[in-house]
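Okay, structure first, notes after.
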Amino acid sequence: MKRNLYKVVALGLVFSLWSCSEKNSQSTNMEPASSILDGYIQVTQAQFDQGKMTLQGLEEKPFPTIINVNGMIDVPPENRVVVSATRGGYIKTTPLLIGDKVSKGQVLVTIENPEFVTLQQQYMEVNEQLSYLKTEYERQKTMVAENITSQKSYLRAESAYKTAVATHIGLAKQISMLHISPARVAKGDITSVATIYAPISGSVTKMNVTKGSYVSPATAILEITDNDHIHLELSVFEKDIMKIKKGQKIDFKIPEASTEIYKAAVHLVGTALEDNRTTKVHGHLEDESDNNFLTGMFVDAAIATDSSFAKALPSEAIIIIDELPYVLVLEQKQDDTYYFNQQEVKVQANYGGFTVIESTDAFKPNTQFLTKGAFSLLGE
């Protein structure tokens with residue numbers, strides 16, 4: 001029994017020694033990412049090349065003053081239409097749904113009302129009387145010129161004829177507003193249905209009625225929005241409005257939909273303050289075609305105003321550790337080894353991928369910074 005126990009212990013020692021030798025062999029084959037010696041972070045040339053690291057000095061870069069504002073995606077007033085009826089009636093057909101695309105002149109809804117028949121009937125009656133009244137007016141005119149009839153009879157005929165003409169024109173206009181042809185009505189083609197057509201091309205964004213519902217002239221039946229031309233409608237506070245000028249660049253994003261930064265420019269600046277002490281700034285997008293923006297989307301925007309030059313580094317070179325910004329400064333290079341010193345810095349604004357560094361006098365003019373790969377070293 002003891003002999004078997006000795007065998008088990010011996011085998012365990014053998015396996016333990018073999019495992020340790022394997023681990024040591026693997027560790028010697030794997031080259032460390034970096035090492036720290038005498039307070040410096042050391043990086044070999046092989047590690048530098050493998051990590052695609054880069055060195056760069058401080059650069060003079062223009063940094064604009066940024067005004068952060070909020071707003072929304074909107075369209076010009078002529079690109080949004082609320083469709084209503086010129087006369088009340090009952091909805092007979094509503095073939096559209098929200099999101100449907102419509103073309104200018106396309107049928108939207110049809111409305112039915114017996115009053116439409118009465119209106120056309122009155123037009124037909126006046127139209128039939130007009131020929132007789134005109135003939136009588138011309139006859140009375142000739143007779144009064146020859147002193148055959150009295151002036152009173154002539155004036156009565158003139159008044160009747162001109163009144164009929166005015167009524168005829170007015171009824172024709174009312175019928176035309178219902179998109180019913182007066183010429184067809186004059187031939188006896190009377191209908192109780194009026195058609196409403198699309199005044200612009202676009203998409204249906206609101207549908208407020210259903211088949212059979214009654215609508216009055218004040219009822220908003222549906223809304224059409226044309227998104228072919230969209231713009232930014234930004235709200236700028238009173239304290240910042242004097243800094244905003246036409247042509248200034250705008251960076252904006254849709255925080256609820258994407259982290260991508262889009263470009264625009266100031267086109268119009270409002271001339272009156274609203275109750276909340278803001279005014280509207282109208283911005284035109286640089287490229288509207290490649291993005292599927294929707295009217296009403298909330299935007300965060302940054303308007304670039306006056307600019308000044310400052311010394312900066314690529315934002316990628318600055319690493320935040322415990323809420324403090326650090327950079328890696330190249331102290332020296334010996335043979336194939338780089339020696340970096342981790343140094344805390346004070347930073348200001350960032351713009352266009354660069355960050356302003358304060359107190360740059362602490363660095364020599366030819367100081368080199370690790371601008372790419374610093375995160376992998378300081379994060380270890």
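Observations on the model:
- Restraint check, Lys101/Lys206; Lys253/Lys311; Lys243/Lys280; Lys249/Lys280, Cα-Cα greater than 19 Å: Lys253/Lys311
- Direction-averaged projected area, Cα convex hull, the range 186-232: 5.7 nm², rounded to one decimal.
- Within the range 112-188, the GluC sites (Glu not before Pro) that combine a DSSP coil assignment with at most 14 other C-beta atoms in a 10 angstrom radius are Glu146.
- Solvent-free Debye scattering, log10 I(q)/I(0), computed from the Cα coordinates of the range 218-360 at q = 0.09, 0.10, 0.17, 0.20 Å⁻¹: -0.47, -0.55, -1.07, -1.23
- Net lengthening on full extension, Asp251/Thr54 (0.36 nm per residue, minus Cα-Cα): 68.1 nm
- For the range 327-380, the Kirkwood hydrodynamic radius from C-alpha pairs, put into Stokes-Einstein at 25 °C and a viscosity of 0.890 mPa s, yields a diffusion coefficient of 195 µm² per second.
- On the principal axes of its alpha carbon atoms, the range 79-224 extends 72, 29, 25 Å, with the longest extent given first.
- Computed helical MRE - 222 nm, the chain, DSSP H runs ≥ 4 contributing -39500 (n - 2.57), nearest 500: -9000 deg cm²/dmol
- Rg and Dmax of the chain, based on Cα coordinates, read 41.0, 158 Å.
- Nearby aspartates and glutamates by direct alpha-carbon distance to Lys187 (threshold 20 angstrom, same-chain neighbours under 8 apart not counted): Glu115, Glu125, Glu128
- Each Lys or Arg adds one and each Asp or Glu subtracts one; over the other residues with Cβ under 13 Å from the Cβ of Leu324, this totals -2.
- Projected area averaged over orientations for the range 146-232, convex hull of C-alpha atoms, nm²: 11.7
- Cα-based values for the range 278-380, radius of gyration first and Dmax second, are 19.4, 62 Å.
- Cα-derived Rg over Rh, computed across the range 210-299 with Rh taken as Kirkwood radius: 1.10
- Where trypsin sites (Lys or Arg not before Pro) in DSSP loops with at most 15 other Cβ within 10 Å are excluded, longest remaining stretch of the chain: 105-186
Values quoted throughout were computed directly from the atomic coordinates according to the rules given, and no laboratory measurement underlies them. If you're wondering where the values come from, they're calculated on a predicted model, not measured in any experiment. No Cβ is skipped: glycine too gets one built from the backbone with ideal geometry, and neighbour counts run over all protein chains shown.
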